[in-house]
């Protein structure tokens, strides 16, 4: 082994002591994987993986260059390390179930009571070669992921993986797909032109940590997507997601979950698509983030259970009918939801639409007795046609907030859809008195704080 390569490996493993890896290694070229040959190297690559695993060698080194692959079965407990960012490119017409790195099926499918030793993947470029895979825009190849991480749900143990300094591009399916019984850390990774999502979490009893991720693509937006549609061990659908510093230049930010928590910090989503749905069971906390929103078809908070935004900014920049930052559906589907809570703390809502037909927050039909509520503390609303539109009934609490809108509040109700509105120490522009009409009915409740009334008299 060359001296400089040995030093690089030792440096890597000194940093990775927490992953329980050591300094033994093997170069993939020793197994006939010649870079830039243009040949299908799947058999040679699999042979190298098997040798490293069976001989308890901790790392497989991939030198710079391009390697053509189909699907490789990957075990836990090894490190696959690129030197000078080699490219692994999918062979043409690989097929729907071709995962470049696969842990779901094959001889290494994990099924143990304890969590696995970590699989480490670092400093590699994954290229899905979508130009040569055939028809896929109708989801014909939606299982052809670049990296697939999961364990069998028949046992409690999770497959542990740590993916760092990698890129994922030109794929007909997910860049990183995480399914059942997985514990995955993704750091300093980029996805570009990935069809379904740059990172996708779809299975229960799983954990995901994301630190510094960028998704982009003019052909495919490469967003971030959580949608649990597979149960983990003992039927569990709970997940635990932690996000720190995510930039979605073209993609969406979707959180669809049944149980568990999602905590996000420092997210920038530049295109108007944000969808949060906890199915009335989970909890989402997002802080110090910025979202560009669009209309009520793609900016949804759906059965939130408990969704909290702290110190976030929302820009409405898509001029269309129903343009808004959020459409909140607490009790959709015939009012079957209850005890759903949405909180906005110290948030800014601003419309960037020149022809202003926008609304900051639309709240769908609801009943105050269902105990669903939207609460705002120290928020600002700027340049909207309407600040908050209570379509029909429900509960809204507004504290210490400021409205610079043509119409601060719209309130709709009927005898079956009554509302409770609480306003405390908030500031409305001069049109407030004419534009906000408080509907009168014996079942409606409107609470005005004294400080609020004093502010209005100035």
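The values are calculated or read from the model by the stated rules, or taken from the named source; none is laboratory data. None of these values were measured; they are calculated from a predicted model. Every residue, glycine as well, gets a Cβ built from its backbone with ideal geometry; the counts of neighbours run over all protein chains shown.
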Handout entry: Qualifying positions in the stretch 170-193 - crowded, with 24+ Cβ neighbours inside 10 Å, assigned to a strand (DSSP E or B) and touching a helix residue (DSSP H, G or I) at 6+ places or on another chain (Cβ under 9 Å)
Key = 171
Problem - Selection status of residue 182, under 22 Å from residue 112 (Cα atoms), in the same structural domain as residue 243 (by TED's automatic domain parsing) and under 17 Å from the mean Cα position of the chain (by Cα) - result: yes
Handout entry: All positions within the stretch 222-265 that are on the phi > 0 side of the Ramachandran plot, in contact with a strand residue (DSSP E or B) (Cβ under 7 Å, 6 or more places away or on another chain) and not in a strand (DSSP E or B)
Key = 222
Fill in the blank from the handout: Residues in the stretch 122-139 that are part of a strand (DSSP E or B) and more than 30 Å from residue 78 (Cα to Cα) total 0
Handout entry: The one condition in (1) buried (at least 22 other Cβ atoms within 10 Å of the Cβ); (2) closer than 13 Å to residue 25 by Cα that residue 51 fails to fulfil
Key = (1)
Practice task
Could you tell me whether any residue of the stretch 268-281 is surrounded by fewer than 23 Cβ atoms within 10 Å (Cβ to Cβ), part of a strand (DSSP E or B), modelled with pLDDT of 95 or more and within 14 Å of the chain's Cα centre (by Cα)?
Solution key: yes
